[in-house]
Amino acid sequence: MRHLIDPLNFTLEETTKVLDLADRIAESPEVYSHVADGKKIATLFYEPSTRTRLSFESAMLSLGGKSLGFAGAEQSSATKGETVADTARVVSCYADIIAMRHPKEGAPLRASMYATVPVINAGDGGHNHPTQTLIDLMTIRQRKGHLDHLTVGFCGDLKFGRTVHSLVNSLVRHPENEFYFISPEELKIPDYVIEETLKPNHSFYKEVTSLEETLPKLDILYMTRVQKERFFNEEDYVRLKEQDPRAAYFDQVQNGKYIRMALIMALLEIPDPLTGRTVL
């Protein structure tokens, strides 16, 4: 049984296979409309989310399955003291796969240690958001045709932006990618990303503060919002939340559904009806 807690849980080859399956689903969604008949996904969301939770539910429904779950910690037995481990054990009796978002880093990993079904990390604090990483990779590959030899700029909240950390971890596995990190000092990329990811992979990177000066060098600009829920000081949030008004965000909603459809199929070992093979 496999889980997706960190983007690097999948090898580069496995990641490519998931992206390829998502592309096939996007081209012929009707072919996949009943591959998960009788299967259920539990969406356990301990913090607010609309797009991610609905995307997982839509993905399972589009495969012919069903969904159940909750959309806030106050709606769960956590209010009565139930642990993540016990919730994972219980929900495993009701569902075939779990998608969990939790404000505490490591919570989905702990759930995966006790669940008897696959667990997908749908975001844990400022740590990882692996399904968003797959969506980012799919979108970049659609726009540029490849995932190597790219100059990628990350702008905004690089300190708390888990999507940034996850995407950097994945892009360094592709050769000759270069990175520019554009942010104020308070929101700069964490040292651990540099020391544990960029330097060991001998990746070129540069930390800068000016978007205008950096933009002409980039193939991809990845914008992030300044996240109020990660701040302890309201005044700091208000001061730092404004971004360049010219920033354009990727339209990735549709890709999100296709990636999560592919991921559900992969982790549940559902064969692709077009190839007759499973992804993992």
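The values are calculated or read from the model by the stated rules, or taken from the named source; none is laboratory data. Bear in mind that the values here come from a model prediction, so they are computed numbers and not experimental data. With ideal geometry, Cβ positions are generated from the backbone for all residues, glycine too; neighbour counts draw on all protein chains shown.
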Practice task
Enumerate the helices (runs of 4 or more DSSP H) found wholly within the stretch 171-280, keeping only those where 2 or more residues are at pLDDT 90 or above and either surrounded by fewer than 18 Cβ atoms within 10 Å (Cβ to Cβ) or in the same structural domain as residue 49 (by TED's automatic domain parsing) (or both).
Solution key: 253-267
Exercise for the section: Identify all residues within the stretch 164-208 that are among the hydroxyl-bearing types (Ser, Thr, Tyr) and closer than 21 Å to residue 131 by Cα; write none if there are none. Expected result: 166, 170, 197
Completion exercise
All conditions in (1) under 22 Å from the mean Cα position of the chain (by Cα); (2) surrounded by 19 or more Cβ atoms within 10 Å (Cβ to Cβ) are true of residue 35 except (1)
Exercise for the section: Take residue 150 and decide whether it is closer than 23 Å to residue 11 by Cα and either touching a Pro at 6+ places or on another chain (Cβ under 7 Å) or not assigned by TED's automatic domain parsing to the domain that holds residue 94 (or both). Expected result: yes
Exercise for the section: Six or more apart or on different chains, Cβ under 9 Å: which pairs go from a residue in the stretch 62-73 that's surrounded by 16 or more Cβ atoms within 10 Å (Cβ to Cβ) to one that's among the aromatic types (Phe, Trp, Tyr) and part of a helix (DSSP H, G or I)? Could you list them? Expected result: 62/32; 62/258; 63/32; 67/56; 69/56
Practice task
Name every residue in the stretch 71-116 that is of a type in the set (Val, Ile, Thr) and at pLDDT below 80, in order of residue number.
Solution key: 79
